Amino acid sequence: PLIIASAATSGFFCCFVIAPFEAIRVRTVAQPDYADNIFGVASRMIQEEGLPSLFSAVPVWFLKEVPYNVMKFLVFDTSTEYLLQTFPVAREDIRLSLLVSLIGGTLGGIAAAIVSNPADVVVSELKKTKTDMSPVEAANILIQRGGPSAFAKGMQLRMVFYSLLVSLQFLLYDAIRIALGVGTDDMKLYLNVLGAALSETST
């Protein structure tokens, strides 16, 4: 529960940081002649649509980042725990431990891509041109255009991209953890103590 809560909280706050950059990126890709560079794209969007337009997709980002983060950590934690229990020697062998992290990260990235893809598609539809439509209207347009399968557009590419990204993230995380001499049991003990302390504080 602590991992899920932490992942959801971090995803929530990330939305406010990511949304403006993604809005600019999508407009740059959808309209290459919109401005000379990303700074020009940002300036024109603010002038023509207002600063809030950069954050208009935040509600959709909630539906993307929160499930993305939760699934990424949940699948990674579950799969690596299963692999470590199945192959106990991996706890003592650095190379096997890193391989387990790589596998867990790959699975986590694939799962995260699947659950977040529909919101990704809606964000792209919202930000590719200047529009006042809401996320719900954008979703309805997608359904009218291609049916439910429209929300799976680009999923294969995102599965490859996110599996590579997440696996490298966790591989780097475990490499640093091992270099510092911190074991997986140490991390779990710390999280258990932290969870118990938070529970006592709330009561």
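The values are calculated or read from the model by the stated rules, or taken from the named source; none is laboratory data. A quick note: this is a predicted structure, and the numbers were derived from the prediction, not measured. Glycine gets a Cβ as well: all are built from the backbone with ideal geometry, and neighbour counts include every protein chain shown. The protein model used for the area step is the full one, side chains on, heavy atoms only, and it has no ligands, DNA or RNA in it. Shrake-Rupley method; radii C 1.70, N 1.55, O 1.52, S 1.80 Å.
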For region 65-80, state whether one or more residues are assigned to a helix (DSSP H, G or I), within 20 Å of I24 (Cβ to Cβ) and not hydroxyl-bearing (S, T, Y). yes
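Looking only at region 24-60, filter to residues that are basic (K, R) and open to solvent by 80 Å² or more (accessible area, probe 1.4 Å); which one of those is nearest to A119 (Cα to Cα)?
Residues of region 24-60 that are basic (K, R), as a first pass: 25, 27, 44.
With the extra rule that they be open to solvent by 80 Å² or more (accessible area, probe 1.4 Å), the set shrinks to 25, 44.
Working: R25: 16, R44: 25 Å.
Ranking the candidates gives R25 first.
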Of those in region 77-95 that are among the β-branched types (V, I, T) and under 23 Å from the mean Cα position of the chain (by Cα), the residue surrounded by the fewest Cβ atoms within 10 Å (Cβ to Cβ) is T78
Select from region 80-108 the residues that are out of contact with any Phe, Trp or Tyr (no Cβ under 6 Å at 6 or more places or on another chain) and of a type in the set (G, A, S) and list them in ascending order. A90, S97
Go through L74, L98 for me and flag whichever is open to solvent by 30 Å² or more (accessible area, probe 1.4 Å) and farther than 23 Å from M155 by Cα. L98
Output the residue which, of all residues in region 142-182 that are among the β-branched types (V, I, T) and modelled with pLDDT of 90 or more, is farthest from the chain's Cα centre (by Cα). I143
K130: passes all of (1) within 22 Å of F21 (Cβ to Cβ); (2) surrounded by 14 or more Cβ atoms within 10 Å (Cβ to Cβ); (3) out of contact with any Leu (no Cβ under 8 Å at 6 or more places or on another chain); (4) touching a residue at least 60 places away in the same chain (Cβ under 8 Å) but (2)
